[in-house]
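To keep things clear, I will list the structure first and then write my remarks on it.
We did not get these values from a lab; they are worked out from the coordinates using the rules stated. Everything numeric in this text was worked out from a predicted model, so none of it was measured. No Cβ is skipped: glycine too gets one built from the backbone with ideal geometry, and neighbour counts run over all protein chains shown.
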Amino acid sequence: MNPNDRPLSPHLSIYRWPVTMASSILHRATGIAMAVGFILFAGWLADAAAGPDAYAAFVATMGSTIGRILLVGWSWAFFYHFANGIRHLVWDTGRGLEKEQANASAWLVIVVSVVLTALLWMVVS
Amino acid sequence: MSLRSPLGRVLGLGTAKDGTGHWWGQRVSGIALALLGLWFVISIAMMPGFGHAEAVAFISKPLHAVLLMLLTVTMGYHSWLGVQVVIEDYVHSHGLRLGSLILSRFAHILVAVVGLFAILRLGIGA
């Protein structure tokens, strides 16, 4: 066998993404998004404690179009990280690690996170 | 034959020197946050209005103040553990990594204390 015919390690640009790969990256990305959201959370509390003027400014910022888009994004990030976190806890018990099971649960987590986000914003508006 | 010392076996800390502490802390705080986070997100969505009075009434209710303080501490801890792993994965220069880890820890504690102080001010009555 010619050494050049041996399989090469995956080149990311031509590699077909398995859904489990996307779900793993999304877990980290949503986690980082919520680490930033932690600052927003404390800012919400601090502005509420600071008084009506500071709180009005906070509500005006988060009520703007960009603010609302960010809030929807953060709520989805929460539900995704929530659902995928439960998936990780199930994995920690040694269950659901077969390829088909992991693929199915990855899709389930994506669908559940979108549905829960939609339900949440139906309650808000 | 194992080359590990009896003391090393008893401590069970492995080469990273802190054993499963980080991993376990992440799981336990994750379980707590699944419950606290769900309560918080649903509570905010169901708030009667988004004015200052509604926010103060919500935060200053004793049960809410306690749950919000638990949420603040647990979220800060879980986020600190998670950001630490991200820094360790992507920041390769030794000095920059150490600096980032210290900065991340300071930032998490600062944000958590800001949140806790605000809850106490509203909960006890400023």
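Over the alpha-carbon set of region B:26-124, work out the extent along each principal axis and list the three values in angstrom, largest first.
Sorted from largest, the Cα extents of region B:26-124 read 49, 25, 21 Å.
Please report the base-10 log of the normalised intensity I(q)/I(0) for the protein assembly as shown, using a Debye sum with one equal scatterer per alpha carbon and no solvent, at each q in 0.09, 0.18 (1/Å).
Summing over Cα pairs of the protein assembly as shown leads to -0.51, -1.48.
Could you check which residue among A:ALA33, A:ALA106, A:ALA22 shows the biggest mean-square fluctuation in a GNM of chain A with a 10 Å Cα cutoff?
A:ALA22
Mind checking the dipole of the protein assembly as shown: about its Cα centre, +1 per Lys or Arg Cβ, -1 per Asp or Glu Cβ, Debye to the nearest 20? Spell out each step's value before the answer.
Numbers: 15 positive and 10 negative charges, 104 e Å.
Dipole of the protein assembly as shown, to the nearest 20 debye: 500 debye.
With springs only between Cα atoms under 10 Å, which of A:SER24, A:SER113, A:SER64 fluctuates most in a Gaussian network model of chain A?
Checking each option, the largest mean-square fluctuation is seen for A:SER64.
Sort out the exposed loop trypsin sites (Lys or Arg not before Pro) in chain A (DSSP loop, at most 16 other Cβ within 10 Å) and tell me the longest stretch that has none.
Numbers: sites that count: A:ARG16, A:ARG95.
That gives A:17-94 as the longest site-free run.
Counting pairs of Cα atoms in chain A, how many percent are more than 26 Å apart?
Values: 3230 of 7750 pairs.
Distances greater than 26 Å cover 42 percent of the Cα pairs.
Express in whole angstrom the spacing between the alpha-carbon centres of region A:10-57 and region A:87-116.
21
Order of B:MET47, A:MET34 from fewest to most other C-beta atoms within 10 Å?
B:MET47, A:MET34
Which of A:SER23, A:SER113, A:ALA35 sits closest to the plus end of the dipole of region A:19-124, meaning its Cα is farthest towards the positive end, when Lys and Arg get +1 and Asp and Glu get -1 on the C-beta?
My answer, from the dipole projection, is A:SER23.
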